[in-house]
Amino acid sequence: MKKTIKKKISGLLFSSNIIGIFINPFYISRKNLYTAINKISPSITGKTLDVGCGQKPYMHLFNSSEYIGMDIETSGHDHENSKVDVFYDGVNFPFDNETFDSVVTNQVLEHVFNPEIFLKEINRVLTPNGKLLLTVPFAWDEHEQPYDYARYSSFGLEYLLQNNGFEIIKAQKTANNISVIFQLLNMYIFKISSFNFASKVLSLLFIVPLNIIGVFLGFILPKNNDLYLDNVILAKKVNHV
């Protein structure tokens, strides 16, 4: 019973469900990321590889004929709730060339020390014109320490993708408005609160109103494309590297 409840709460942390506004300190981030991925999801079809899959939180959004989750065994988080089909060594993907029609990798690139090798492997296993859905944080705290190596601007990602055989089809910045400030405030409060129950309940007194105010002001105030939470990119393989 306890495990089932924990699993349901964990699922809410990735969704855009309105309940999350009352329990999720990362609601603004997760809601915007989920919405952006959902808009791109029709482009992810055929045989799909999810690199760094974890719990496969977005699998249900895609029209894949086959969905394979791959992850690295030693990382900054445990795999208690993970849905990993294949573990790999963090460098070489255990698949033949041109095996997949699409690749999904969400919030993973910042944990990769050698991004060019990583992107070359994605390129290698994709079929010609295969699609890549890549999300990566821009304004975020260090996480899954010590396996957190980088933050990427939209220009840095464009450079990396073009140099490794990809062409960007669509690029989006999430929470590119004042809500980014409220998300960072919530993250700060969550991180400084200890792990005892009382302090977590107390932190909700701040987290819930910050979520509500952040979402509201994000709708009515101007956008700022220079400060945002995440990059969400749809690209296609244009040449083998």
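Quick notes on this one:
- Segment 15-25, residues that are open to solvent by less than 40 Å² (accessible area, probe 1.4 Å) and assigned to a loop (DSSP other than H, G, I, E, B): SER15, ASN24, PRO25
- ASP71 being in a loop (DSSP other than H, G, I, E, B) and either open to solvent by less than 70 Å² (accessible area, probe 1.4 Å) or more than 25 Å from TYR149 (Cα to Cα) (or both): no
- Residue match in segment 103-119 (condition: within 24 Å of TRP140 (Cα to Cα), of a type in the set (Asp, Glu), modelled with pLDDT of 95 or more and surrounded by fewer than 18 Cβ atoms within 10 Å (Cβ to Cβ)): yes
- Selection over segment 102-123 of residues that are outside any strand (DSSP E or B) and either hydrophobic (A, V, I, L, M, F, W, C) or under 13 Å from the mean Cα position of the chain (by Cα) (or both) gives a count of 11.
- Residues of segment 29-63 classified as part of a helix (DSSP H, G or I) and either of a type in the set (Val, Ile, Thr) or open to solvent by 30 Å² or more (accessible area, probe 1.4 Å) (or both), total: 13
The values are calculated or read from the model by the stated rules, or taken from the named source; none is laboratory data. Remember, it's a predicted structure, so these values are computed and weren't measured experimentally. Ideal geometry is used to build each Cβ from the backbone, glycine not excepted, and the neighbour counts take in all protein chains shown. Areas reflect the complete protein model, heavy atoms only, side chains present, ligands, DNA and RNA absent. Shrake-Rupley method; radii C 1.70, N 1.55, O 1.52, S 1.80 Å.
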